[in-house]
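Report on one structure; see the data block that follows.
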Amino acid sequence: MLVAIKSGRESQVGIMNEIDIVRAVIEEGYQISPQAVELIKLSNSPENLLKYILATIDDCVFVIEPEHVDLQGFEASTTVSGRVANNVFTPVSEPTSEQTLKSANPDTMKVFDSALDVSEEPGLIPSVEPEVVSAVEVSDSNPEIELEILSSQGSNSDFDSDSIHDTVHGAAHSSFPNPLSPSVSPKNVERPASSFFGNTNPSSASKNALRIDSLFSNQKNSFSSSSRDEGVRYLPGRNPVAVLSDITGHSTCVGEYIQFVQYFRDRYSRLSEILRGRMNARPIESLKRRSFRRGSDGGTEELSIIGMVSDINTTTNGHKILSLEDPTGSFSVLIRNSDKELFELASRLLLDEVIGVTGSVTNDGNLMLATKLLQPDVPNSVQRRTGSHGKVVLISDVHVGSSQFLEDSWLDFLDFLKGESDSEEMQEIAAQVRYLVVAGDLVDGIGIYPDQEMELDILDVYEQYRKAAEYFREVPEHIHVIISPGNHDAVRQAEPQPALPERICADFPENVTFVGNPALVDLDGVQILIYHGRSIDDLVASVPGVSYQEPAGAVLEMLKRRHLAPTYGSRVSISPEKKDYFIIDPVPDIIHTGHVHTLGVQRYKNVLLVNSGTWQAQTEFQKRVNLMPMPARVPVVDLADFDVKILAFD
């Protein structure tokens, strides 16, 4: 009888298998139990039933269970729609889902009903024992652009995972944050399966907590999902600006557990969507329920999954083992050191980044043997926007108020903007400047690092901003100034940071626009992603070959991951918002960072990466950490062809 039901259902339009159902549910931001999947699949119209469920389910529901599959409500909705024609009710000839289920073999239905009461089978994870994790150093060189500097003075898969006698270190990374402190993440705590995305079977107390706010802002009548969009802020004028993405006025974080789940779900959903355009991936849960068959050549078929990296370990034999998570579960992936190119890429992976993996699964279904790793990256076909004109000046880390602030060089810079330089070439460049973008640390602040007060000329932070406003009143009115905060500025330390408060902004002239950190802005057709760059500290510490001397290399690593701060809970304090503001989407024309006080410029797939220098000489703190700044160097970018010139004011 069950065969007859299946064959009848296969003749219909809109057939969905288990993978289709799970994928559609994940894209809407939910999880679904295997019993609910089976119930939907047995329906006479699985696709319509699933649409009905997603359109009517309570936003507070975390996991779709059989009790959420309202067959009677679905039957009533389809019956009404089928009977209403020319205001005359007519019988519905097509059997409903419930009728189809009732016509099934009683024995079959008995098995199915009993399955509804059985708890979800736990996922199979390879059994591995502890060992000492070793670090892998891989050199990396990122070629810098040669710049003109002007001066103002003139696989084998046929083996079982049990045969791998390597052992793995047991101290798992946990990037899952402390709900009591949004900016701090406890270390050395084992993260349970799917901890990025919440408990798959929350307790009743947890379910009540979930009702405080909806998990996602769903478009109920569509399988596609997107984060809630804040409005675009348009600033018209001679040199117009459109603020496309900015946390200012849209922060929702209060540090509750559910907000961390929302944050990681949004990150996974948006980055996995980018990857799905380049690979045919399946949910991790499907690997644990799948019977793996061999191909005609005797090898196991290759499968692809997309997951967030929750753990990275090195075995005693020098292989890498990754733990990947998606909303349906977790799975272990082995990267063999015999594949040099793949192993080098795996050695540069970061915790919490989202990647795609293709490979074959061992005979016992516990481990994937990777043959390909895929990062979101920028597509090769990305087109650079053209048609604009004029120039944009990119600076950061001014540090007004510091005793090491290079006021003479800064005043020379202001003279340049006013067209008062001694050099005719500098005057010609100044005449074309339309925008000035400041990527954070406008002032030195108070209490940012130990004994900072010993190196301050201005001890009051508001006086520092008033002095900065005095400087910016010297900038010609036709130049549109955009200022984003940094870790020295008077906003919250947790990123994303909102724009400076109105009390400070009121002192600045009308040609200054304040945005958050990060912020995506459109400068008359050219999109610039502004980010202060605090995560460069994490990338220098974690990615082989990335250094403070070549900061554009760190920005390149962000771009490959399509994320400005991939690792949660390290040096960068991250506020868990409903939307992950660090995702690089869309791909901008220019990424402008600062923070590390060194200059770097690089191009990658039609994207210009600029890390501007500083206006502060070396501080005692910088001497202790062996950081040599590169002050008073200013990148100027032509908005028509993205040509870069470095102006020296030292």
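All of the numbers you see were taken from the coordinates with simple rules; none came from a lab. Quantities reported herein were computed from a predicted structural model and do not represent experimental measurements. Using ideal geometry, Cβ is built from the backbone for each residue, glycine included, and neighbour counts are taken over all protein chains shown.
For each pair in K418/K467; K372/K645; K340/K578; K288/K320; K51/K560, compute the distance between the two Cα atoms and list the pairs where it is over 28 Å.
Numbers: K418/K467 19 Å; K372/K645 39 Å; K340/K578 39 Å; K288/K320 21 Å; K51/K560 35 Å.
The answer is K372/K645; K340/K578; K51/K560.
Would you kindly work out the equivalent ellipsoid of segment 278-374 from its C-alpha gyration tensor and give its semi-axes, the square roots of five times the eigenvalues, largest first in whole Å?
Working: eigenvalues 79, 54, 29 Å².
Each semi-axis is √(5λ); the values are 20, 16, 12 Å.
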| task | With θ set to phi - 60°, apply the Karplus curve 6.51 cos²θ - 1.76 cosθ + 1.60 along segment 331-336 and write out the HN-Hα couplings as whole Hz, x wherever there is a Gly or Pro. | result | 8, 9, 10, 9, 10, 7
| task | Note the per residue figure in Å³ for the convex hull of the C-alpha positions in segment 503-601. | result | 136 Å³
| Along each principal axis, Cα extent of segment 404-538, largest first, Å | 44, 34, 31
| field | Highest to lowest packing among 508-519, 270-281, scored as the average C-beta count within 10 Å | value | 508-519, 270-281
| task | Along each of the three principal axes of the Cα atoms of segment 500-552, give the extent in whole Å, ordering the values from largest to smallest. | result | 44, 30, 15
| remark: Residues meeting the amide H criterion for N517 (H placed from the backbone, H to H distance under 5 Å, 5 or more places apart or on another chain) are I247, Q497
| said: Sequence gap at least 6, Cα distance under 8 Å: using those rules, report the relative contact order of segment 497-650 to the nearest whole percent. | reply: 17 percent
